[in-house]
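Below is one structure, written out as structure tokens; the observations come after it.
The values are calculated or read from the model by the stated rules, or taken from the named source; none is laboratory data. In this text the structure is predicted, and so the values were computed from the model without any measurement. In this analysis, Cβ positions are derived from the backbone assuming ideal geometry, glycine residues included, and neighbour counts consider all displayed protein chains.
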Ligand code: SAM
């Protein structure tokens, strides 16, 4: 069933114009069609009760959550081209709470202040659509920051995937008991040594993702996939 993130006011669902277009033109919904609507993290089963004007009523609350118990923040050093879009989409599917695109020393893509809001709006839209598609209860936040700003974000357990790390396999370091986890992944050019030591001095642990050097997008998706499976294991 199609899911939308929207407002619910007095049992009436309020969709925006893009969602209405999607529901009526793309999904070809009819009178009586049912959808799921998430409002403030709560999932409602809803039904189209009138087509013109469009009216959608809530039927019941659905007691379901597909969220991880832990709050995950992914810091992904900005990559070239459409890789950032891919990462926002996949990180959303894999359950992160916060996505932070990072400008590091070897980041080729530089985002100036004029571009920043436009890029963030685009990433937020990608996150929203991915959250609807994979039926999450929350849409991750999306921000852009510099590597120096990473320590200002709180997490109980903090890891940096470092291509030169040989000895510390990532997933073996993760404890189920922590409530928040931060992961940092480098761009195509990797990290400067002083960036790694800076993050280590702020409590980050340098970890390995195996013997091969993965592309940055493979590294981020592998790290999150392994983490999600590990955390959801009972
Ligand atoms: N230019 C670097 C080099 O030649 O060594 C490789 C950078 S790699 C393409 C991009 C990012 O993915 C790295 O900065 C790191 O965060 C992550 N990564 C890739 N392979 C990794 C591995 N085996 N262990 C830990 N992190 C890895």
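Of all residues in region 28-40, those that are out of contact with any helix residue (DSSP H, G or I) (no Cβ under 6 Å at 6 or more places or on another chain) and surrounded by 12 or more Cβ atoms within 10 Å (Cβ to Cβ) total 7. Specify the residue that is farthest from residue 160 (Cα to Cα); the eligible residues are those in region 43-88 that are in contact (Cβ under 8 Å) with a residue 60 or more places away in the chain and assigned to a strand (DSSP E or B). Across region 43-88, the extreme among qualifying residues is 43. Each residue in region 104-121 was checked for being part of a helix (DSSP H, G or I) and in contact (Cβ under 8 Å) with a residue 24 or more places away in the chain, and 3 of them qualify. With respect to (1) touching a strand residue (DSSP E or B) at 6+ places or on another chain (Cβ under 6 Å); (2) in the same structural domain as residue 144 (by TED's automatic domain parsing), the lone exception for residue 95 is condition (1). Counted as qualifying within region 122-234 are the strands (runs of 3 or more DSSP E) with 3 or more residues that are more than 16 Å from the ligand (Cβ to nearest atom), under 14 Å from residue 77 (Cβ atoms) and in contact with a strand residue (DSSP E or B) (Cβ under 9 Å, 6 or more places away or on another chain), namely 141-146.
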